[in-house]
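The values are calculated or read from the model by the stated rules, or taken from the named source; none is laboratory data. Fair warning: this is a prediction, and the values are worked out from it, not measured in the lab. Methodologically, a virtual Cβ is constructed for each residue, glycine included, from the backbone with ideal geometry; neighbour enumeration extends over all protein chains shown.
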Amino acid sequence: MLRINLLISSIDSRRDSSIPLAYIVVLSLRGMIFNFILAFQFLMYLITTSEGYQAFSKSLGREFTLFGTFSYLIAPVISVLISVNRVAVVIKPMNMWFTNPNVFLYCGLIAIIVLISLIIRYLSPCYIIFMVNRLSHVAGCAPDRHPITDFQNTYTIILPFSCMIVNLSITLHLRFVRNNSYIKLWKNFKTRVLQKEIKEDPIRNASQPTYFSKLRAKRDVLMIRQTITIAFYLSFYEFGAFVTKVFPNLYASLPPIGKDVYFYVRMETIPVMNFFIYFVETKKTRVMVCRFLKRETKQDLGGVSVSNHRTVTN
């Protein structure tokens, strides 16, 4: 429900340039598709017999797994795009490389590449089907797997983990720049290592950050913090898969309730991620959603709504 409200409210506030509309729309749609596919598969398992579920898996299991995997893989790749966005902003703050139309274009290209890689596997004998009764993915050529499957299982965790490292590095860099730490370190290096006397620059020392530079720095840190959070949650999900693959005997020895808890905790990290990033952590989008819901309530009561196209500062 939060994703739906976030998606609708962000589209309604699309004139507010301070809102990352493209990222919110893409990640919200991705999450909605992923949740729908997963919930529908569980529903079919609950309302049908064992034979009926097997028939469903044979007829539509490949397609549902294809689009479910597609909707999930979009998230770690988009986290890489957000990291590149942050690096570009640091290198050239006023660049126009990541406007909302450009971000939609980049996301479209990413989606095409990911979908093609999955269709190649889908058309091969080593297609993948997610089985609810096993809470795992089963290869059509088991115990063998398609090279694309092995590649994704092995290296997907690198994407969120590397994004976390990149964004932590950017955060440290921005703090060093704001605090003139680079200048201080260079002065210490010259005085202690090169034995050179450094003259103080009164103009540089007297300069203070302007209001707009502070505001921009705050937005930069907010986006970086969001990307780190996305990377953390995705890394947690992928780390669970990594542990299962490295220690299969340990996972197999768990009781059924333990396997169920393990699976559901991993799956719930994704919706929790969206809720935490765009509602708990980000005041701007939280205010945007609350304002939209308040307006909808007023309309239901016959009240007068106000414009949603004003900028809300953090």
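Select from the stretch 90-105 the residues that are surrounded by fewer than 20 Cβ atoms within 10 Å (Cβ to Cβ) and assigned to a helix (DSSP H, G or I) and list them in ascending order. Working first, answer last.
First, pick out the residues of the stretch 90-105 that are surrounded by fewer than 20 Cβ atoms within 10 Å (Cβ to Cβ): 90-102, 104-105.
Residues satisfying the conditions are Val90, Ile91, Asn100, Pro101, Asn102, Phe104, Leu105.
Quick check on my filter: what residues within the stretch 107-122 are among the small types (Gly, Ala, Ser) and either outside any helix (DSSP H, G or I) or under 13 Å from Ser71 (Cβ atoms) (or both)?
Step one: filter the stretch 107-122 for residues among the small types (Gly, Ala, Ser), giving 108, 111, 117.
Within the stretch 107-122, Ala111 is the sole residue that qualifies.
Considering only the stretch 80-116, state which residues are modelled with pLDDT under 90 and under 30 Å from Tyr127 (Cβ atoms).
Residues satisfying the conditions are Val80, Leu81.
In the stretch 1-86, which helices (runs of 4 or more DSSP H) lie fully inside it and hold 2 or more residues that are touching a residue at least 24 places away in the same chain (Cβ under 8 Å) and under 29 Å from Ile116 (Cβ atoms)? It would help to see each step written out before you state the result.
Details: elements: 2-12, 21-47, 50-56.
Those helices (runs of 4 or more DSSP H) span 2-12, 21-47.
Quick one: count up the residues across the stretch 144-168 that are over 15 Å from the mean Cα position of the chain (by Cα) and in contact (Cβ under 8 Å) with a residue 60 or more places away in the chain.
The number of residues fulfilling the criteria is 3.
Take the residues in the stretch 30-79 that are closer than 23 Å to Cys126 by Cα and of a type in the set (S, T, N, Q), then tell me which one is nearest to the chain's Cα centre (by Cα).
Ser71
What is the one condition in (1) within 25 Å of Ser28 (Cβ to Cβ); (2) exposed (fewer than 15 other Cβ atoms within 10 Å of the Cβ) that Leu73 does not satisfy?
Result: Leu73 fails condition (2) only.
Out of all the residues in the stretch 139-156, which are modelled with pLDDT under 85 and either surrounded by 19 or more Cβ atoms within 10 Å (Cβ to Cβ) or part of a helix (DSSP H, G or I) (or both)?
Matches in the stretch 139-156: Gln152, Asn153, Thr154, Tyr155, Thr156.
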